[in-house]
Amino acid sequence: MQLAMIGLGRMGINMARRLIKGGHEVVGYNRTREKTEQLVQEGATGAFSIPEVVEKLRSPRIVWLMLPAGQVIDEHLDRFKEILSPGDMVIDGGNTYYRDDIRRADLLSDKDIRFMDVGVSGGIWGLEKGYCLMAGGKKNIFTYLEPVFQTLAPEEGYLLCGDVGAGHYVKMVHNAIEYGMMQAYGEGFDILNASPYADTLVFADVAHLWNQGSVVRSWLLELAERAFQKNERLSDIKGQIEDSGGGRWTLEQAIDAGVSVPVIALSLMRRFESQARDSFSNKVVAALRREFGGHETMSVDKKRGD
Ligand SMILES: NC(=O)c1ccc[n+]([C@@H]2O[C@H](COP(=O)([O-])OP(=O)(O)OC[C@H]3O[C@@H](n4cnc5c(N)ncnc54)[C@H](OP(=O)(O)O)[C@@H]3O)[C@@H](O)[C@H]2O)c1
């Protein structure tokens, strides 16, 4: 299929690469032109303005946004809505709040432009391993786009979760689970770090060991092993962890529905607290986020605000 990838950051450029490798035709567009030029070297068609994206696509056009959530998406959709045609399709693959999807799908429907929200997980590893895709929207659009999903995802790695918003809702909860899992690993290693055996324990070896058949084995723990191999006590990382929206939104949903979510709630509070106080558990969480998503970590000698 032919589609445009808008936003060639850590996620978008690798997704475009996987699509090209899978035989799709990608029109790449990025605010900073160097990334588009890079992708052209790798087989994409380059576009250097939004009208050029639309000109280079055949009907019905498919536009996949891989941009930060919020205002940026509204601005792009406003511009695309003006020049796309009825029957064209827009996919938001970023970490958008599901209620924004419902509002935007409604706005685009004025012009009969179809919308799908697709939560994407897999971070910088998705290029090689495939991306887990959580889709929301109409079944007929989902079916039409399935060749694209099949290429991006590993086997059985995509699902229509429901109508518009459902994909990002499921992704939001996925990210909140991630908060809790990373927090638990962080706290476990924090206890080991303060234990009577701290001097002799090698954390990379402990993470490796726990991945050999133990009940807490996981991909996150494999990433912990990698992070400890790079720097055994993470002394180069400041334990400051951003909260990117998903945790707050999940908590709001839990409060509205009266569902008790202590682990997710406290993991979010720890992220707030991490802005003021460093700790070993926070370093582990920051290191894990760097390993899976390429999220920037603060170095110990480069404190925010210094
Ligand atoms: N990293 C992850 O692990 C991960 C996983 C799943 C989902 N996501 C989501 O995927 C989306 C993209 O994430 P990412 O990690 O690829 O981010 P990123 O590496 O920071 O890239 C952001 C992209 O958005 C563009 N951009 C930012 N602000 C813009 C603006 N005002 N106008 C036009 N373009 C703008 C950037 O263009 P420039 O190159 O010009 O700056 C870049 O192409 C986000 O919604 C994120 O939450 C990320």
May I ask you to evaluate 6.51 cos²θ - 1.76 cosθ + 1.60, the Karplus curve with θ = phi - 60°, for each residue of segment 255-264 and list the ³J(HN,Hα) values in order in whole Hz, giving x for glycine and proline? 5, 4, 8, x, 9, 7, 10, x, 5, 5
Ranked by how many other beta carbons lie within 10 Å on average, peptides 55-61, 119-125 from highest: 119-125, 55-61
Which cross-chain or sequence-distant (5 or more) residues have an amide H under 5 Å from the amide H of residue 158, H modelled 1.01 Å from N in plane? 133
Collect residues whose amide H, placed 1.01 Å from N in the peptide plane, falls under 5 Å from the amide H of residue 232; neighbours closer than 5 in sequence don't count. none
Evaluate the distance, in nm, between pseudo-label points positioned 7 Å from the Cα of residue 202 and of residue 155 along their respective Cα→Cβ axes. 3.6 nm
³J(HN,Hα), Karplus 6.51/-1.76/1.60, whole Hz, each residue of segment 117-130, x for Gly, Pro: 9, 10, x, 10, 10, x, x, 6, 8, x, 3, 7, 8, x
For segment 93-139 versus segment 210-281, the gap between their alpha-carbon centres in whole angstrom: 25 Å
Between residue 255 and residue 273, what is the spin-label point distance in nm, taking each point 7 Å from the Cα along the Cα→C-beta axis? 1.9 nm
Distance in nm between residue 42 and residue 2 label points, each 7 Å along Cα→Cβ, equals 2.2 nm
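Using the beta-carbon distance between residue 33 and residue 192 and R0 = 45 Å, what value does 1/(1 + (r/R0)^6) give for FRET efficiency, to the nearest 0.05? Mind showing how you got there, number by number?
Values: r = 48 Å, r/R0 = 1.06.
So, using R0 = 45 Å, E works out to roughly 0.40.
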Convert each backbone phi in segment 150-155 into a coupling constant with the Karplus relation 6.51 cos²θ - 1.76 cosθ + 1.60 (shift: θ = phi - 60°), then list the ³J(HN,Hα) values in order as whole Hz, x for Gly and Pro. 4, 6, 6, 8, x, 4
My understanding is that a pair violates if its Cα-Cα distance is over 32 Å; which of 138/238; 138/283; 81/283; 35/171; 81/139; 171/230 do that in this structure? 138/238; 138/283; 81/283
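Want the number for residue 146 to residue 99: 0.36 nm per residue separation, take away the alpha-carbon distance, what's left? Provide the component values of the computation, followed by the final result.
Numbers: separation 47, 0.36 × 47 = 16.92 nm, distance 2.41 nm.
Computed gain between residue 146 and residue 99 is 14.5 nm.
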Given backbone amide H placed at 1.01 Å from N, residues whose amide H is under 5 Å from that of residue 116, ignoring those fewer than 5 places away on the same chain, are 90, 91, 92
Please label the shape of segment 38-102 as rounded, prolate or oblate, based on the square roots a ≥ b ≥ c of the eigenvalues of the alpha-carbon gyration tensor (a/c under 1.5 means rounded; beyond that, a/b larger than b/c means prolate, else oblate). oblate
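The numbers here are math on the coordinates, done by the rules we state, and not lab data. Only a predicted model underlies this, so the values are computations on that prediction, with no experimental measurement involved. Cβ: placed from backbone, ideal geometry, glycine included. Neighbour counts: every protein chain shown.
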